[in-house]
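Down below is the structure, laid out as structure tokens.
The values are calculated or read from the model by the stated rules, or taken from the named source; none is laboratory data. Computed from a predicted structure; not experimentally measured. Cβ atoms come from the backbone with ideal geometry, glycine included; neighbour counts cover every protein chain shown.
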Amino acid sequence: MKIKTKAIFTLSGAKDWYPWYLQNAIVLVFIFTCCSIVQSAQANLSDSSQLAIRNEEVISNSPVPDPETKKRLSSYKYQYLDRSHKDEPFWNWFVHPISGSQIYLFYRADGYSRIEAFNMTFITSALFEFTIEIFTEPASVQDLYQTPVLGSILGLGIENFSMYLLNTGNPLASFFGHLMNPMTMLPLFKGKTLIIPTTDIKNPDNVGAMLYTRLEF
Amino acid sequence: MKILVLIIFSIFYYSTNSYAFDREFFLSAGLGYSSASVKTRYLEQNDDGEIEDETESKAFGVTTRFGYRLAPFEFGFLSDIGYGKVEDLSLKLIDNSTVSGDGHYRFVAISPYIKYLLPLPTYYQWRSYVGGGPSWGLQTIVMDNVTSGSNFNAEKRISFENFGAGIFLGFEEDLPYKQMHPVFLEVGVTYMKSYKVYLTDASNFKEVKTLSSKDSHDLTGTFVFIRAGLVLF
């Protein structure tokens with residue numbers, strides 16, 4: 001019996017992800033602690049304008065905040081976690097999902113399974129919210145949830161469509177496949193091809209067996 | 001008595017031997033429909049000259065959830081995003097000026113939840129469950145066609161931040177692997193109460209400015225959700 005093989009582009013989930021969870025969690029705690037120290041020092045030393053940098057209400061109504069307001073502004077919850085962002089469709093429904101999808105595709109290209117890539121996207125997004133974005137505005141519950149969730153759903157669609165384009169063999173389709181999913185151009189893109197056994201039923205010499213494998217993806 | 005024991009035994013036998021998937025993270029998505037009954041002194045419905053303080057609206061949107069299945073429980077977060085229309089609306093703003101017209105509203109609700117798979121026999125691969133949890137929401141009302149009132153226009157909007165709790169009851173497909181994309185269908189009820197209201201200016205779509213805000217406990221709403229979707233991975 002002859003078994004033909006067919007090579008297709010795919011993303012596999014073969015990466016051992018647990019050490020990366022632990023590593024990211026340690027990094028998250030470390031950076032968050034450093035930011036806490038810096039922000040607390042800033043809150044104690046700064047004048048009213050620095051304290052009010054994120055509070056339009058205070059800027060417009062009371063340039064010099066009273067002690068109670070000052071205490072509220074320097075509170076843990078105010079500094080680091082807001083319950084919401086303003087309803088900004090451009091950011092909440094466009095920019096955050098797209099950025100989340102690219103993070104998801106990065107981890108997929110690096111060999112993580114779908115749910116593992118989602119989990120890593122969640123951690124990475126949280127890292128960004130608590131370390132980078134915190135210098136402009138507090139991390140919001142909305143962004144912490146929507147970026148990885150909507151990003152992963154969008155990333156799943158982009159992944160499937162880009163793999164379809166890459167497997168057409170058409171140079172123009174391949175170009176758009178790489179354009180949609182630029183992570184496929186990185187050296188990280190492991191498991192580039194998947195060898196799939198096929199049988200040619202038109203040729204009687206090749207008929208007789210089917211190899212079944214189940215893959216975690 | 002023997003029959004009773006047999007029934008109880010059967011229930012527990014079926015309930016502990018055929019969970020769709022277990023000890024796994026998952027992400028699911030689907031479509032949602034919600035019917036909201038909102039009562040507030042900021043949102044008044046003008047119906048033939050009669051001003052009421054309660055209005056109803058229907059919205060369509062998407063629902064997502066991710067969680068961890070530890071059968072027979074499931075822990076996670078779920079989100080509802082909806083978009084609906086409102087007609088003949090009179091809106092009393094924070095500064096007590098009133099505007100009227102047609103518009104639309106959108107909302108996002110995020111809820112940490114716990115779900116319990118009921119110890120009942122599956123019926124044609126469908127398993128029932130109940131769940132619930134606290135819920136946080138942000139509702140935004142946009143007036144598309146202002147017929148009367150102050151300088152309020154489509155570029156300005158009013159947003160309510162709400163907090164409440166909800167429960168849901170549903171059915172899900174009992175398939176051996178989550179890679180087979182089990183489907184779910186559920187009905188939920190959530191009660192919310194506002195704690196803050198904003199008046200915002202969205203003339204620059206990249207940067208929405210808060211014109212004014214204040215604490216508010218005046219808006220209460222009951223949302224009935226119908227959600228249908230599947231486990232993506």
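Observations on the structure shown:
- Tabulated pairs, the range B:60-86, first within 10 Å of another protein chain (Cβ to nearest Cβ), second of a type in the set (Lys, Arg), C-beta under 6 angstrom, 6+ apart or interchain: B:LEU78/B:ARG65
- Exactly one residue among B:LEU31, B:LEU78, B:LEU91 is assigned to a strand (DSSP E or B), at pLDDT below 70, under 20 Å from B:LEU138 (Cα atoms) and hydrophobic (A, V, I, L, M, F, W, C), and that residue is B:LEU91.
- Odd one out for B:ASP144 among (1) facing another protein chain (nearest Cβ under 9 Å); (2) surrounded by fewer than 14 Cβ atoms within 10 Å (Cβ to Cβ): (1)
- Options B:SER159, B:SER111: the member that is buried (at least 19 other Cβ atoms within 10 Å of the Cβ), within 13 Å of chain A (Cβ to nearest Cβ) and modelled with pLDDT under 90: B:SER159
- For the range A:163-182, the condition of being within 14 Å of chain B (Cβ to nearest Cβ), among the hydrophobic types (A, V, I, L, M, F, W, C) and surrounded by fewer than 22 Cβ atoms within 10 Å (Cβ to Cβ) holds for none of the residues.
- In the set (1) within 12 Å of chain A (Cβ to nearest Cβ); (2) among the hydrophobic types (A, V, I, L, M, F, W, C); (3) in contact with a Gly (Cβ under 6 Å, 6 or more places away or on another chain); (4) under 22 Å from B:ALA71 (Cβ atoms), the condition left unmet by B:MET180 is number (3).
- Qualifying residue in the range B:208-217 (condition: of a type outside the set (S, T, N, Q) and either surrounded by 18 or more Cβ atoms within 10 Å (Cβ to Cβ) or closer than 30 Å to B:PHE25 by Cα (or both)): yes
- Hey, A:ALA173 hydrophobic (A, V, I, L, M, F, W, C) and at pLDDT 90 or above or not: yes
- Hey, B:SER194 of a type in the set (Ser, Thr, Tyr) and either assigned to a strand (DSSP E or B) or under 17 Å from the mean Cα position of the chain (by Cα) (or both) or not: yes
- Filtered residues of the range A:128-162 (kept if β-branched (Val, Ile, Thr) and more than 14 Å from chain B (Cβ to nearest Cβ)): A:THR131, A:ILE132, A:ILE134
- Flag if B:THR200 is more than 10 Å from chain A (Cβ to nearest Cβ) and surrounded by 15 or more Cβ atoms within 10 Å (Cβ to Cβ): no
- Meets criteria (surrounded by fewer than 17 Cβ atoms within 10 Å (Cβ to Cβ), assigned to a helix (DSSP H, G or I) and at pLDDT 85 or above) for A:GLY151: no
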